[in-house]
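J.: Can you keep this structure in mind? I'll have questions shortly.
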2 protein chains.
Amino acid sequence: MDILEGGVTGPMGFRAAGEHVGIKKNGQKDLAVLVSDEPATVAAMFTTNRVKAAPVVWSQRLVARRAPMRAVVVNSGNANACTGDRGLEDAIRMGEATARALGIAPDEVLVASTGVIGVPLPMEEVLRGIPVVVGRLAPTREAGTACAQAIRTTDTFTKQAAVQVEIGGRVVTLGGMAKGSGMIHPNMATMLAFVTTDAAISREMLERALRESVVDSYNMISVDGDTSTNDTVAVLANGLAGNPEIGADGPDFAAFREALHALNTHLAKCIVRDGEGATKLMEVHVQGAQDVEAARRLARSVTTSNLVKAALFGADANWGRVLAAMGYSGASFNPAGVRMRFTSAGGTVSLMEDGEPLPFDEDLALRVLGEKEVRVEIELSDGDAAATAWGCDLTYEYVRINGEYRS
Amino acid sequence: MDILEGGVTGPMGFRAAGEHVGIKKNGQKDLAVLVSDEPATVAAMFTTNRVKAAPVVWSQRLVARRAPMRAVVVNSGNANACTGDRGLEDAIRMGEATARALGIAPDEVLVASTGVIGVPLPMEEVLRGIPVVVGRLAPTREAGTACAQAIRTTDTFTKQAAVQVEIGGRVVTLGGMAKGSGMIHPNMATMLAFVTTDAAISREMLERALRESVVDSYNMISVDGDTSTNDTVAVLANGLAGNPEIGADGPDFAAFREALHALNTHLAKCIVRDGEGATKLMEVHVQGAQDVEAARRLARSVTTSNLVKAALFGADANWGRVLAAMGYSGASFNPAGVRMRFTSAGGTVSLMEDGEPLPFDEDLALRVLGEKEVRVEIELSDGDAAATAWGCDLTYEYVRINGEYRS
């Protein structure tokens, strides 16, 4: 599936905007609004953290109504988490103000926040800013980019993309934006990611496509093992592509799900590549596992090991740490049947065969690990299940950013 | 319980030695032998990592025989892990050579290794070194210290201590040594820790005392979330104190267990204090939890959060990260009932009450977090269970050590 330039304004009938309204002190964009011209079917997943930010609590309630929705409002610079009753009121007021400016109902507006925890939202700036941002809404690529910029926190680049797929003789477009950086170890749903599409699809099938995609995309990435209080991923489908509505399993659903998964995987990898302090992307592919759950646990345990992450930073082909991380993952596998190699644009170095180390060329290993994207390939002898996880290296910069973030 | 100076030679009837025999390239001590003059009752726990080092596999077999043992041989600088059939042979030969030099049976010798993974043991140096180390065995404090030095890897200080307790009218002594540093996130058993005692105690009660202590001492510490392939903790009890043998529950067993737990907790905290790159010890105490398992999970989740660890390094009173780590721990608790404060020699700063943030003095917070030992106190409203976990900060030095360890 080709990943195209573009973002949330790629599909027909979506307008977006993003501006600086005064939440961030550094003058960067901090408020985003995304609107569908027609009522859109919505599927969403939220953080499994027991401590949920106020906008998560509010948006979960709205999505549970299972009714079509029209808009999303997001602020960055403040997570509106651990802010008590006042936080929930602020989230509701943020949605209400957006609805008022758009002339729609308050329960048609999803609300999300990202940023520092435990500080009340500066509501004066938020409420004054919302009509300004709504006034700039446009269906252009520039407007979609501004929207994607406005949800960033410590992200060093803007994360958006689009895909197209033919369904029922019509071209269906999906566009997405995401933000990540730190406190990234999604579980069930993840950080902030918003996908728009003009596909016509039922609520049930949209939910299923999202659920099936998230488990192998956002849920397979980790920056630092910390699951956030604000994770939200939502898809809005407004049906303007004119395809026959996808209401059941079949080739149309498969095509849509594949397109959604390609987009989600791309955005998820963008998040890891831009993990706080990260200089390298690590892709861990496990095959030959006894079942897919074991494959996922093994792959994810490797990407979350601090020792593996530090070794990647140091370009150290320390396969022992990879094997140790697999060993404590909780998943069952036969250590005597492990084959392992590291591969990148710099070449391929084989490190284990039948669970025993192979002699290898240290210079070649250094070249392989010196690249920006390194793939760890693990082949087991336990079955035929496979999974891929993505992570990044652990660097001085990660320590610096997180030793200084709030103070 | 007073922690006394001394170590494994503190109890009656134990001799020890540690020397450099050529396993480490830097000339530091790398082979340790510990012997009981009388056959000793043994209890031991080993890593739960599915990838187990050869000496763990071998020692587990020996301990499963449930027979008295006489000695322990340990090398540092090489973990003898992921070394295949040859590794197991080497571990067995290491035990045999020690038995021969001591004139005892091979199955009376526990074997342990620690250091780099995946490199065969240099057996020529090991076999030539064992009789030399055995020749230096002595019951002195100096010999105990040499023994504790020889099990170190990247540890920056030697970890040993002793406790005394009166049981059945006799003074019983327990002495211990441990090594830690990196790949420290024990589960069921931990890194290397050896405890000697002259107590008379049955195998069953010794096992129970060890099991009950480990769950709240070694298993509650974490340096980096990585569970090692070599974790081993063993207790040898030779009965020379002359107390009536502890064969059942009661005041004698309680006194022994308390002494053992005080020693284990002290050694566990030493390991965390000396975690790779660590500059600070973090003690997390959770009370008011619904059950002890929830208390342990919550406390441990905080100590293993990279974001909390980095904030501690930066002296940033980022209580939001503490609450987020509790939230994704998997343990159930009521976020609206959380009270939290940070305390140290620098003072005490209250951060949350009834789940909501309190205004606090940033200068005071900086003084509290600037200390070498910081205690995070969390009070819940869910019940009356409590647990304590220990961790360390995440520093530039951790990244440096682990980005360069092997290369």
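The values are calculated or read from the model by the stated rules, or taken from the named source; none is laboratory data. Please read all numbers here as calculations on a predicted model, not as lab measurements. Here the Cβ is made from the backbone with ideal geometry for all residues, glycine too, and neighbour counts use every protein chain on show.
J.: Quick one: which residue in A:THR343, A:THR395 is more than 8 Å from every other protein chain (Cβ to nearest Cβ) and not acidic (Asp, Glu)?
T.: Among A:THR343, A:THR395, only A:THR343 is more than 8 Å from every other protein chain (Cβ to nearest Cβ) and not acidic (Asp, Glu).
J.: Quick check: is even one residue across segment A:347-355 of a type outside the set (Phe, Trp, Tyr) and touching a Ser or Thr at 6+ places or on another chain (Cβ under 7 Å)?
T.: no
J.: If B:GLY180 satisfies all but one of (1) surrounded by 24 or more Cβ atoms within 10 Å (Cβ to Cβ); (2) at pLDDT 90 or above; (3) under 22 Å from B:ALA17 (Cα atoms), what's the number of the condition it fails?
T.: Just one mismatch for B:GLY180, condition (2).
J.: Same structure, new question: Scan segment A:136-162 for residues that are free of Cβ contacts under 8 Å to residues at least 40 places away in the same chain and more than 15 Å from the chain's Cα centre (by Cα) and report the count.
T.: The qualifying residues number 1.
J.: Another question, if that's okay. So, B:ARG66, is that one within 14 Å of chain A (Cβ to nearest Cβ), of a type outside the set (A, V, I, L, M) and over 19 Å from the mean Cα position of the chain (by Cα) or not?
T.: no
J.: Looking at (1) farther than 30 Å from A:MET177 by Cα; (2) among the hydrophobic types (A, V, I, L, M, F, W, C); (3) more than 14 Å from every other protein chain (Cβ to nearest Cβ), which is the one condition that is false for A:VAL284?
T.: In the conditions (1) farther than 30 Å from A:MET177 by Cα; (2) among the hydrophobic types (A, V, I, L, M, F, W, C); (3) more than 14 Å from every other protein chain (Cβ to nearest Cβ), A:VAL284 misses (1) alone.
J.: Return yes or no: is A:PRO55 surrounded by 17 or more Cβ atoms within 10 Å (Cβ to Cβ) and more than 14 Å from chain B (Cβ to nearest Cβ)?
T.: Yes: the conditions hold for A:PRO55.
For (1) farther than 25 Å from B:ARG65 by Cβ; (2) assigned to a loop (DSSP other than H, G, I, E, B); (3) not assigned by TED's automatic domain parsing to the domain that holds B:ALA254, each residue gets a yes or a no:
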site	(1), (2), (3)
B:ASP107	no, no, no
B:ALA112	no, no, no
B:GLY129	yes, no, no
B:ALA146	yes, no, no
B:ARG152	yes, yes, no
B:VAL163	yes, no, no
B:GLY175	no, no, no
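J.: Could you tell me how many of the residues in segment B:108-123 are more than 14 Å from every other protein chain (Cβ to nearest Cβ) and in contact with a Gly (Cβ under 8 Å, 6 or more places away or on another chain)?
T.: 4
J.: Here is a follow-up. Among the residues of segment A:212-231, is any at pLDDT 90 or above, in contact with a Pro (Cβ under 7 Å, 6 or more places away or on another chain) and either surrounded by 24 or more Cβ atoms within 10 Å (Cβ to Cβ) or over 30 Å from A:ALA278 (Cα atoms) (or both)?
T.: no
J.: Of the conditions (1) exposed (fewer than 15 other Cβ atoms within 10 Å of the Cβ); (2) of a type in the set (Val, Ile, Thr); (3) touching a residue at least 60 places away in the same chain (Cβ under 8 Å), A:THR304 satisfies every one except a single condition; which number is it?
T.: (1)
J.: Still on this structure, I have one more. Tell me, please, whether a residue that is surrounded by 17 or more Cβ atoms within 10 Å (Cβ to Cβ), over 20 Å from A:ARG211 (Cα atoms) and at pLDDT below 95 can be found in segment A:38-48.
T.: Scanning segment A:38-48, I find no residue that is surrounded by 17 or more Cβ atoms within 10 Å (Cβ to Cβ), over 20 Å from A:ARG211 (Cα atoms) and at pLDDT below 95, so the answer is no.
J.: How many residues does segment B:1-48 hold that are under 20 Å from B:ARG141 (Cβ atoms) and among the basic types (Lys, Arg)?
T.: Matching residues across segment B:1-48 total 2.
J.: Would you check if there is a residue in segment A:75-91 being surrounded by fewer than 22 Cβ atoms within 10 Å (Cβ to Cβ) and in a loop (DSSP other than H, G, I, E, B)?
T.: no
J.: For B:GLY247, all conditions in the list (1) touching a Ser or Thr at 6+ places or on another chain (Cβ under 6 Å); (2) closer than 26 Å to B:ARG341 by Cβ; (3) assigned by TED's automatic domain parsing to the domain that holds B:VAL56; (4) not acidic (Asp, Glu) hold save one; what is the number of the exception?
T.: Only one criterion is unmet by B:GLY247, namely (2).
J.: Give the residues of segment A:303-321 that are more than 7 Å from chain B (Cβ to nearest Cβ) and not in a helix (DSSP H, G or I), sorted by residue number.
T.: A:ALA315, A:ALA317
J.: Related question: Quick one: A:THR9 ticks every box in (1) in a strand (DSSP E or B); (2) touching a helix residue (DSSP H, G or I) at 6+ places or on another chain (Cβ under 8 Å) bar one, so which box is it?
T.: (1)
Residue-by-condition table, conditions (1) within 16 Å of A:ASN230 (Cα to Cα); (2) outside the structural domain of A:VAL134 (by TED's automatic domain parsing); (3) under 23 Å from the mean Cα position of the chain (by Cα):
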| residue | (1), (2), (3) |
| --- | --- |
| A:GLY22 | no, no, no |
| A:LYS25 | no, no, no |
| A:GLN28 | no, no, yes |
| A:PRO39 | no, no, no |
| A:ASN80 | yes, no, yes |
| A:GLY84 | yes, no, no |
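J.: Any idea which of A:ALA389, A:ALA324 is in contact with a Ser or Thr (Cβ under 7 Å, 6 or more places away or on another chain), part of a strand (DSSP E or B) and at pLDDT below 95?
T.: After ruling out the rest, the residue left standing is A:ALA389.
J.: Give the number of residues within segment B:32-52 that are closer than 27 Å to A:ARG297 by Cα, hydrophobic (A, V, I, L, M, F, W, C) and either within 14 Å of chain A (Cβ to nearest Cβ) or touching a Leu at 6+ places or on another chain (Cβ under 6 Å) (or both).
T.: The total comes to 2.
J.: On to the next question. Taking B:GLY22 and the conditions (1) at pLDDT below 95; (2) surrounded by fewer than 22 Cβ atoms within 10 Å (Cβ to Cβ), which numbered condition does it fall short on, given that it satisfies the others?
T.: Result: B:GLY22 passes all but (1).
J.: Does segment B:346-367 hold any residues that are under 19 Å from B:PHE313 (Cβ atoms), of a type in the set (A, V, I, L, M, F, W, C) and within 13 Å of chain A (Cβ to nearest Cβ), and which are they?
T.: Of everything in segment B:346-367, those that are under 19 Å from B:PHE313 (Cβ atoms), of a type in the set (A, V, I, L, M, F, W, C) and within 13 Å of chain A (Cβ to nearest Cβ) turn out to be B:LEU351, B:ALA365, B:LEU366.
J.: Kindly evaluate B:LYS269 against the criterion of being in contact (Cβ under 8 Å) with a residue 24 or more places away in the chain, of a type in the set (D, E, K, R) and within 14 Å of chain A (Cβ to nearest Cβ).
T.: Criteria not met by B:LYS269.
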